[in-house]
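Inspection log for the structure reproduced underneath, given as structure tokens.
No lab work stands behind these numbers, since they all come straight from the coordinates. Quantities reported herein were computed from a predicted structural model and do not represent experimental measurements. As a convention, Cβ positions derive from the backbone with ideal geometry for all residues, glycine included, and neighbour counts pool all protein chains shown.
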Amino acid sequence: MIWYPYTQMKTMTEPIDIIGAEGIYLYTKDKKLIDTTTSWWSVIHGYNHPEINDALKKQVDKFSHVMLGGLTHGPVKALSEKLVELLPEDLNHCFYSDSGSVGVEVALKMAVQYFFNQGQAEKKSFVALKYAYHGDTFKTMAVGDDEDYHLAFPEKEGIYHISTNANELKSLLEAKHQEIAAFIVEPLLQGAGGMRMYDIDFLEKARQICDDYNVLFIFDEVATGFGRTGHMFVSDLVCPDIIVLGKALTAGYIGHAVTIASDQVFNGFYSDQPEHAFMHGPTFMGNPLACAVALKSIEIFQREDYLSKIKWIESTLKATFKDFSSDKVKEVRILGACLCIEVYDPCDLKGFKDFALEHGIHSRPFIKYMYGMFPYIIEEEELLRVCNVYKQWFEEGDHKLY
């Protein structure tokens with residue numbers, strides 16, 4: 001029996017059985033569905049992409065995996081070089097893992113040990129944003145701030161949550177900087193915490209404040225990286241000390257993540273003392289299949305000028321919802337290739353998943369949020385079709401059948 005995620009198994013509805021996928025579509029035995037979730041925001045090129053399929057097949061014919069413990073290989077070296085080329089300033093040191101959550105754990109461990117190696121073992125606390133979500137492993141749950149996910153794990157010792165207010169951050173660090181190792185954020189777009197969006201101005205000020213108080217700045221770009229906000233990385237606008245990438249890194253093909261540190265952070269471990277080494281090593285870190293897929297994904301992203309496609313998606317969404325209103329809707333938020341419609345009452349989304357299914361769309365609303373994390377290859381007719389179904393849900397008003 002499969003134990004499914006984020007659901008009460010006793011009362012869950014039967015999951016949709018997928019028998020195929022192509023482009024932006026999922027196929028059941030009798031339906032063709034536009035996927036607005038991109039499989040938790042990762043399948044940026046759509047499903048079953050022939051070039052990525054080919055890259056995967058070519059690599060599997062060579063070798064599928066070797067550990068990075070004492071060994072290395074061409075795909076991981078090539079991907080590391082490409083990521084360093086893409087990222088700003090001195091984000092030069094790639095540490096791989098097998099999921100975004102683990103990648104964030106790695107970043108948090110790096111921050112604490114960075115100061116430990118300098119004789120500042122007291123700096124082991126963290127600052128994060130209210131409504132943050134950084135994953136479901138233990139320390140990522142701690143820096144998260146959403147009891148809908150982690151109600152049974154309330155332990156927050158050594159964690160401070162703030163709003164996107166620079167003065168609040170400054171006051172906290174002024175009082176507590178001796179114990180704080182890092183400030184971690186989902187930059188510009190907070191995903192699972194409600195698709196909350198905020199301005200770059202806060203990140204610019206936070207960068208300077210962290211510098212002033214000797215606190216590392218971590219960007220969790222697992223969801224925002226590779227164009228989701230309209231920028232290749234938010235780190236292109238404000239450079240953190242550590243960045244975590246996942247999800248779209250491997251285009252939804254294979255679970256993988258990378259934590260990339262600055263020269264300053266890396267040099268805090270580079271030593272003649274064995275105890276200064278970073279003692280972490282996921283079995284599948286730097287998996288050759290994942291690296292081959294990531295390299296091809298990045299190649300396609302750049303060649304097809306996806307940033308222009310994302311800009312078009314954003315402008316189309318803004319134009320489509322410019323005059324939309326409903327007494328049930330609190331706010332419509334749009335950033336890059338992300339749309340969120342927040343309602344006042346979660347009951348007003350009850351039944352929407354089935355309603356969308358009847359209209360040929362796979363949607364997965366949660367709590368008060370109806371959203372679309374669109375694949376970058378979506379065409380105008382398909383995008384407008386999705387938007388019209390979203391609007392129709394509110395305009396029809398009577399959904400008792402669902």
Report task. Kindly provide the pair-distance distribution of region 261-330 built from C-alpha pairs, with 10 Å bins from 0 and whole-percent values in order of increasing distance. Result -> 14, 19, 22, 20, 17, 7, 1
**Report entry** Inverse of mean 1/r across different Cα pairs in region 117-206, Kirkwood, Å
**Finding:** 13.7
Query raised in the report: So what are the three principal axis dimensions of the chain from its Cα atoms, in whole Å, longest to shortest?
Result: 67, 54, 44
Query raised in the report: Can you list, bin by bin at 5 Å, the percent of alpha carbon pairs in region 306-352, starting at 0?
Result: 5, 21, 25, 19, 16, 9, 5, 1
**Report entry** Taking TYR27, TYR6 and counting other C-beta atoms within 10 Å, the order from fewest to most
**Finding:** TYR6, TYR27
Report summary line: Plugging the Cβ-Cβ distance of TYR27 and GLU204 into 1/(1 + (r/R0)^6) at R0 = 35 Å yields, to the nearest 0.05, a FRET efficiency of 0.20
**Report entry** Over region 16-91: Rg over Rh, Cα atoms, Kirkwood Rh
**Finding:** 1.10
Report summary line: In degrees rounded to 10, the 0-90 angle between helix 50-62 Cα long axis and the longest Cα principal axis of the chain is 40
Query raised in the report: Can you give the alpha-carbon Rg of region 33-181 over 2.2 N^0.38 Å, where N counts its residues?
Result: 1.33
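Of the DSSP beta bridges with both residues in the chain, give the percent that are antiparallel, rounding to the nearest 5. Could you put the intermediate results ahead of the total?
Working: 31 of 48 bridges.
Within the chain, antiparallel bridges account for around 65 percent of the total.
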Requested in this report: Give me the angle, in degrees from 0 to 90, between the Cα long axis of helix 74-86 and the longest principal axis of the Cα atoms of the chain, rounded to the nearest 10.
Outcome: 80
Requested in this report: Assuming R0 = 45 Å, can you tell me the calculated FRET efficiency for the pair GLN118 and ASN167, based on Cβ-Cβ distance, to the nearest 0.05?
Outcome: 0.95
Query raised in the report: Stretch GLU358-SER325 to full length: gain in nm at 0.36 nm per residue minus the Cα-Cα span?
Result: 9.5 nm
Requested in this report: Relative to the longest principal axis of the C-alpha atoms of the chain, give the angle of the C-alpha long axis of helix 306-320, reported between 0 and 90° and rounded to the nearest 10°.
Outcome: 50
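Once you keep just the Cα pairs under 8 angstrom separated by 6 or more residues, what percentage relative contact order results for the chain?
Details: 721 pairs, mean separation 87.4, N = 402.
Relative CO of the chain lands at 22 percent.
Using the count of nearby Cβ atoms within 10 Å as a rough guide to exposure, how do TRP3, TRP393, TRP40 rank from fewest to most?
Working: TRP3 6, TRP393 24, TRP40 15.
Lowest count first: TRP3, TRP40, TRP393.
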Report summary line: Ranked by GNM mean-square fluctuation in the chain (Cα springs under 10 Å), the top entry among ASP272, ASP35, ASP211 is ASP272
**Report entry** Cα radius of gyration and Dmax for region 259-398 (Å)
**Finding:** 21.6, 70
Query raised in the report: Okay, helix-only estimate at 222 nm for the chain: each DSSP H run of n ≥ 4 adds -39500 (n - 2.57), divide by all residues, round to 500 deg cm²/dmol; what do you get?
Result: -10500 deg cm²/dmol
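With a Förster radius of 25 Å, plug the Cβ-Cβ distance of GLU299 and ASN92 into 1/(1 + (r/R0)^6) and report the FRET value to the nearest 0.05.
Working: r = 21 Å, r/R0 = 0.84.
That pair, GLU299 with ASN92, gives E of 0.75.
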